[in-house]
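Here's the structure, in structure tokens; my notes come after.
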Amino acid sequence: QVQLVESGGGLVQPGGSLRLSCAASGSIFNIAAMGWYRQAPGKQRELVAGITSSRRTNYADSVKGRFTISRDNAKNTVYLQMNSLKPEDTAVYYCNIETWIKGDYWGQGTQVTVSS
């Protein structure tokens with residue numbers, strides 16, 4: 001059974017940094033892409049950043065230049081380095097792994113709160 005375990009969330013002051021990690025346990029094959037989504041209270045879940053198996057990346061406009069996504073294929077792990085955090089980045093962040101055959105896997109979510 002595949003599980004995605006996220007870590008690294010927490011409370012940080014505006015301008016601070018956090019690094020999220022998402023490790024997949026179990027066997028996952030045919031990974032098409034890995035990514036991070038977020039959902040703030042009262043809002044829809046949105047894509048924050050994604051990275052393909054060839055390491056092509058894409059970012060939401062709101063995080064470009066501040067967030068960096070990376071992956072370790074050997075460990076089936078994806079990271080999100082978040083710098084210059086703003087209060088509007090406050091949300092629950094979800095890890096996602098998209099596969100060609102089995103569909104999507106989701107993490108349980110980790111809370112990120114940016115506040116002074």
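The values are calculated or read from the model by the stated rules, or taken from the named source; none is laboratory data. Quick caveat, the model's predicted, so the values are computed rather than measured. Cβ atoms come from the backbone with ideal geometry, glycine included; neighbour counts cover every protein chain shown. For the accessible areas, the whole protein counts, side chains as well, though only heavy atoms, and no ligand, DNA or RNA atoms are used. Shrake-Rupley method; radii C 1.70, N 1.55, O 1.52, S 1.80 Å.
Across the range 6-22, coupling constants 3J(HN,Hα) worked out from phi with the 6.51/-1.76/1.60 Karplus curve, θ = phi - 60°, read 9, 8, x, x, x, 9, 9, 7, x, x, x, 10, 9, 10, 8, 10, 9 Hz, and Gly and Pro carry x. Annotation for the range 1-86: trypsin sites (Lys or Arg not before Pro) lying in DSSP loop with at most 11 further Cβ atoms inside 10 Å of their Cβ are LYS43, ARG55, ARG56, LYS64. With the full set of protein chains in place, find how many percent of the accessible area of the chain is carbon and sulfur; take the probe as 1.4 Å. Ligands and nucleic acids excluded, carbon and sulfur reach 47 percent.
Which number gives the lysine pairs in the range 1-107 that have C-alpha atoms under 21 Å apart and are eight or more places apart or on different chains?
Numbers: LYS43/LYS64; LYS43/LYS86; LYS64/LYS86; LYS75/LYS102.
Summing the qualifying lysine pairs gives 4.
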